[in-house]
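Asks: What follows is a single structure, and I will ask about it in a moment.
Bear in mind these aren't lab numbers, they're just calculated from the coordinates by the rules spelled out. Quick caveat, the model's predicted, so the values are computed rather than measured. Cβ atoms come from the backbone with ideal geometry, glycine included; neighbour counts cover every protein chain shown.
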Amino acid sequence: MKIYIDFDRTLFDTNRFLAELYNLFRESGVNIEQFDKIRKESSIEGFNCYQLLTKLKKTHPFNENIYLKVERFMECVLRFLYQDAEVFLQKAREMNYEIILLTKGNKEFQKEKIRYTFISKYLDGIIVTLIDKGDLNIDYQNGIFIDDSVYEIESILKRNPRRVICINRDNKEKRISDEKVVVVESLKEILDKKLI
């Protein structure tokens, strides 16, 4: 049996990561409004702060030391891994699940974040995509999918997965009306309720 697990906002506190990254930008004189404008214009490529900064630099100069600061920041992203993430992955591994990280975003930048969280030792594979997760050629019928995005979950449900678990860490109302979907607040709750 396979577990396909999302990265951002499922294993990794992306909101806190981005808030601290943007603070680093501000402190280095990066024009946040222009950075966000370029980010939105480049959304098809996925978020990669290095590429976005390089595009921004052409029109809005900033301190070149930001690249080194971002590299150092990225080397310390382990602190953004949710407390229950590693325990969950370890337990799933002990239960003999094949664990595949299924994340959406810029391949290069996502892999850098994943590398510095040191969770690869629990993974049997990493899939980074820019297309909807329900449009991939993967084993949906034998998979348990764990994700926080209602949009992605609805995409996955079209492929008749074995089970889908929606992580609702921010306690926002998640509206999914399908008996295959279980909504939980944490990875710990998945283990406590024996949902895998």
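Asks: Loop-only GluC sites (Glu not before Pro) in segment 64-172, please: DSSP not H, G, I, E or B, and at most 16 other Cβ atoms within 10 Å.
Replies: GLU64, GLU75
Asks: What pairs in LYS55/LYS133; LYS111/LYS193; LYS69/LYS113 have C-alpha atoms more than 24 Å from each other?
Replies: Listed pairs above 24 Å: LYS55/LYS133; LYS111/LYS193.
Asks: Taking only the alpha-carbon atoms of segment 15-77, what semi-axes of the equivalent ellipsoid follow from 5 times the gyration tensor eigenvalues under a square root, in whole Å, largest first?
Replies: The equivalent ellipsoid of segment 15-77 has semi-axes of 17, 14, 11 Å.
Asks: Continuing with this model, one more query. Loop-only check: which chymotrypsin sites (Phe, Trp or Tyr not before Pro) in segment 116-196 are DSSP coil with at most 14 other Cβ within 10 angstrom?
Replies: PHE118
Asks: I'd like the FRET efficiency for ASP124 and LYS194, computed as 1/(1 + (r/R0)^6) with the beta carbon distance as r and R0 of 25 Å, rounded to 0.05.
Replies: My answer for the efficiency is 0.70.
Asks: Additional query: Determine the relative contact order of the chain: mean sequence separation of Cα pairs under 8 Å and six or more apart, normalised by residue count, in whole percent.
Replies: 25
Asks: Compute the long axis of helix 85-94 from its Cα atoms, compare it with the longest principal axis of the Cα atoms of the chain, and write down the angle in degrees, 0 to 90, nearest 10.
Replies: Value to nearest ten degrees: 40.
Asks: Same structure, new question: Could you work out the helix-only [θ] at 222 nm for the chain, with each DSSP H run of four or more residues adding -39,500 (n - 2.57) and the total divided by the number of residues, to the nearest 500 deg cm²/dmol?
Replies: The helix-only estimate for the chain comes to -11000 deg cm²/dmol at 222 nm.
Asks: Please sort by residue number the trypsin sites (Lys or Arg not before Pro) in segment 4-89 whose DSSP state is loop and whose Cβ has at most 12 other Cβ atoms within 10 Å.
Replies: Taking segment 4-89 and a limit of 12 other Cβ atoms within 10 Å, the loop trypsin sites (Lys or Arg not before Pro) found are LYS58.
Asks: To the nearest 10 degrees, how steep is helix 32-41 against the longest Cα principal axis of the chain, on a 0 to 90 scale?
Replies: Relative to the chain, helix 32-41 is tipped by roughly 50 degrees.
Asks: What are the residues whose amide H is under 5 Å from the amide H of ILE165, where those residues sit 5 or more places off or on another chain and H is modelled from the backbone?
Replies: HN-HN under 5 Å from ILE165: PHE145, ILE146, ASP147, VAL182.
Asks: For an R0 of 35 angstrom, estimate the FRET efficiency from the Cβ-Cβ distance between LYS107 and GLU185 and round to the nearest 0.05. Write out the running numbers ahead of the final one.
Replies: Working: r = 30 Å, r/R0 = 0.85.
Efficiency, from the Cβ-Cβ distance: 0.75.
Asks: Further, regarding this structure: Can you pull the semi-axes for segment 31-123, root of five times each eigenvalue of the Cα gyration tensor, sorted largest first, whole Å?
Replies: Values: eigenvalues 208, 43, 18 Å².
Over the Cα atoms of segment 31-123, the semi-axes work out to 32, 15, 9 Å.
Asks: So if the hydrodynamic radius of segment 110-196 is defined as the Kirkwood radius over C-alpha pairs, what does Stokes-Einstein give as its diffusion coefficient at 10 °C and 1.306 mPa s, in µm² per second?
Replies: 113
Asks: Now for a separate question. Using a simple spin-label model with points 7 Å from Cα along the Cα→Cβ vector, what separation in nm is obtained for LYS69 and ARG159?
Replies: Placing both labels 7 Å beyond Cα along the Cβ direction yields 4.0 nm.
Asks: Computed over the Cα atoms of the chain, what is the convex hull's projected area averaged over all directions, in nm²?
Replies: Values: hull surface 44.3 nm².
Across all orientations, the chain yields a mean hull projection of 11.1 nm².
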